[in-house]
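Engineer: If you scroll down you'll find the structure; I have some questions about it.
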Amino acid sequence: MPAWRRIGDELEIAVRVTPRGGRDSLAAGTEAHLAARLAAAPVDGKANAALIALVAETFGVPRRSVTLVAGDTSRLKRLRIAGDAAVLAETAARLYEAGP
């Protein structure tokens, strides 16, 4: 799977998470995933909650628009973002233009 793909009115993204990684950031990763660094520890779902908040902020959508669909306990996760898929895909592409 590429780092992101459009699914109807949603965008699905693949993210590799590094918990306890200092400050929160979302950037280009490989062709297969975005890279997220989170300050939160992977305890009691705190890292997942921080990832959802980070993705929502980065893509300019409310938190309720971001859903974790796979990888609850893994470093590799898939999330769906509800909204205008074309605009969301442009945001993902800009992350790659900006570089890691």
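The values are calculated or read from the model by the stated rules, or taken from the named source; none is laboratory data. Computed from a predicted structure; not experimentally measured. Heavy atoms of the whole protein, side chains included, go into the accessibility calculation; ligands, DNA and RNA do not. Shrake-Rupley method; radii C 1.70, N 1.55, O 1.52, S 1.80 Å.
Engineer: In whole percent, how big is the carbon plus sulfur part of the accessible area of the chain, probe 1.4 Å, protein atoms only? Could you put the intermediate results ahead of the total?
Structural biologist: Details: 2770 of 5570 Å².
Here it works out to 50 percent.
Engineer: Can you tell me the length gained on complete extension of the stretch ALA82 to VAL69, counting 0.36 nm per residue apart and subtracting the Cα distance?
Structural biologist: Result for the pair: 3.4 nm of gain on full extension.
Engineer: How far is helix 46-59 tilted, in degrees, relative to the longest principal axis of the Cα atoms in the chain, given as a value from 0 to 90 rounded to the nearest 10?
Structural biologist: 30
Engineer: Can you tell me the accessible area per residue over the chain, all protein chains present, probe 1.4 angstrom, in square angstrom? The partial results should precede the final answer.
Structural biologist: On the way: 5570 Å² over 100 residues.
Per-residue value: 56 Å².
Engineer: Between helix 85-98 and the chain, what is the angle of the helix's C-alpha long axis to the longest principal axis, kept within 0 to 90° and rounded to the nearest 10?
Structural biologist: Between helix and principal axis, roughly 60 degrees.
Engineer: Where does the chain land on the Kirkwood hydrodynamic radius, alpha-carbon pairs, in angstrom? Don't skip to the end; give the middle numbers.
Structural biologist: Working: mean 1/r = 0.0763 Å⁻¹.
After inverting the mean inverse Cα-Cα distance, the result is 13.1 Å.
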